[in-house]
Amino acid sequence: MDLSVELCGLRLKNPLMLASGILGSSMDVLERMASSGAAALVTKSISTAPREGYPGPTVISPMENVYINAMGLPNPGYREFFRGYRPSIQDVPVIPSVFGSTPEEFRTLAGAAEDAGAPAVELNLSCPHSVSGLRVPLISQSEELTASVVEAVRESCTLPVAVKLTPNVADVSSVALAAARAGASAVVAVNTLQAAEVDPYLERPVLGNMVGGLSGPALRPVALRKVLDIAAAFERAGVDVPVVGVGGICSGEDAARFILAGCTAVQVGTCLAEDPDAFRRIESELRHYMDEKGYSSPAEFRGNALRWLR
Ligand code: RRO
């Protein structure tokens, strides 16, 4: 059985990647994820200027399988970040996630990633917190803004570019197509779903930032729907850009669900907060699933669930 997949010109030993975010970006944490079997590591999003993040609480779990975060993009800024950056850890590629407010900022950040020897870059066009000065709260809520950022990065950077999309749209496939047509090497679906929780006794929102983004198992069916929409639209349009699934993936069967929906690889995030060694388990569960089904590679079942939507 061969679990390896090709994504953004990289050969990954299995389809399981660390999602941007939940665990921060310290090289120690990334090292642990590499040791526990992740095939690629995406860092916490990095911005041009350092950011402290929002006041606490920044992550809550108001009910089982639901997490809501509003970290507020805490990061040391790209200059400091790239000083300690390593392009790979134990032969596992480390892909910087970058976040800007304008195409020019994204260009600067992607350029810095390239100069630092990064194997690829992930553009976070879907941070769930408003950034002043934009027509829409999230860049990937607009086909035009999405295309303008991807084009700006493409013009000045030769790295493969993955584009992370928001689920907070009516029609995710139009935005995914805009990203692909502007030169994205992969689309990553999805970031967190806008959410909030209110304390009935304190009579106020619970998060320090008041509102945030939902992740964890409850996000999985939403993410799967978005992935199915994107994969079906890509197939119809003859667009050959890989889709990376993310949202509530906690088991080998979950990974299989996203591959069946058309994904080339999947990212694991929130699950690691409770099970930091989840990669090893998810990989063995995926092997078990493939063994039961008689598959010898992920390509053999990729997109099999899509035919039901034709
Ligand atoms: O830092 C955050 O609060 C955050 C980011 Br940048 C993001 O892209 N998605 C999210 O759920 N939280």
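The values are calculated or read from the model by the stated rules, or taken from the named source; none is laboratory data. A quick note: this is a predicted structure, and the numbers were derived from the prediction, not measured. Positions of Cβ are backbone-derived with ideal geometry, glycine not excepted, and every protein chain shown enters the neighbour counts. Note: accessible area is taken over every heavy atom of the protein model, side chains too, but ligands, DNA and RNA are not part of it. Shrake-Rupley method; radii C 1.70, N 1.55, O 1.52, S 1.80 Å.
The figures follow:
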| quantity | calculated |
| --- | --- |
| Candidate set: the range 187-207, residues that are open to solvent by 10 Å² or more (accessible area, probe 1.4 Å), outside any strand (DSSP E or B) and closer than 22 Å to Ser97 by Cβ; chosen: the one nearest to the ligand (Cβ to nearest atom) | Thr192 |
| Candidate set from the range 48-58 (those that are more than 11 Å from the ligand (Cβ to nearest atom) and in contact (Cβ under 8 Å) with a residue 60 or more places away in the chain); member that is least open to solvent (accessible area, probe 1.4 Å) | Thr48 |
| Unique match (being within 16 Å of the ligand (Cβ to nearest atom), open to solvent by 20 Å² or more (accessible area, probe 1.4 Å), in contact with a Gly (Cβ under 9 Å, 6 or more places away or on another chain) and hydroxyl-bearing (Ser, Thr, Tyr)) among Ser101, Ser97 | Ser101 |
| Identity of the residue in the range 8-42, of a type in the set (A, V, I, L, M) and open to solvent by 10 Å² or more (accessible area, probe 1.4 Å), that ends up nearest to Ile259 (Cα to Cα) | Leu10 |
| Gln194 within 18 Å of Gly72 (Cβ to Cβ) and within 18 Å of the chain's Cα centre (by Cα) | yes |
| Given (1) in contact with a Phe, Trp or Tyr (Cβ under 7 Å, 6 or more places away or on another chain); (2) within 16 Å of the ligand (Cβ to nearest atom), index of the condition Lys226 fails | (1) |
| Unmet requirement for Gly84, which otherwise passes all of (1) open to solvent by 20 Å² or more (accessible area, probe 1.4 Å); (2) within 24 Å of Leu165 (Cβ to Cβ) | (2) |
| Test result for Pro205, touching a strand residue (DSSP E or B) at 6+ places or on another chain (Cβ under 6 Å) and either closer than 24 Å to Leu228 by Cβ or at pLDDT 95 or above (or both) | yes |
| Those residues of the range 210-221 which are part of a loop (DSSP other than H, G, I, E, B) and open to solvent by 40 Å² or more (accessible area, probe 1.4 Å), in sequence order | Met210 |
| Exclusive hit being within 16 Å of the ligand (Cβ to nearest atom), open to solvent by 50 Å² or more (accessible area, probe 1.4 Å) and within 23 Å of Val222 (Cα to Cα), set Ser45, Ser61 | Ser61 |
| Count of the range 10-37 residues which are more than 14 Å from the chain's Cα centre (by Cα) and either of a type in the set (Val, Ile, Thr) or away from the ligand (no atom under 16 Å from the Cβ) (or both) | 16 |
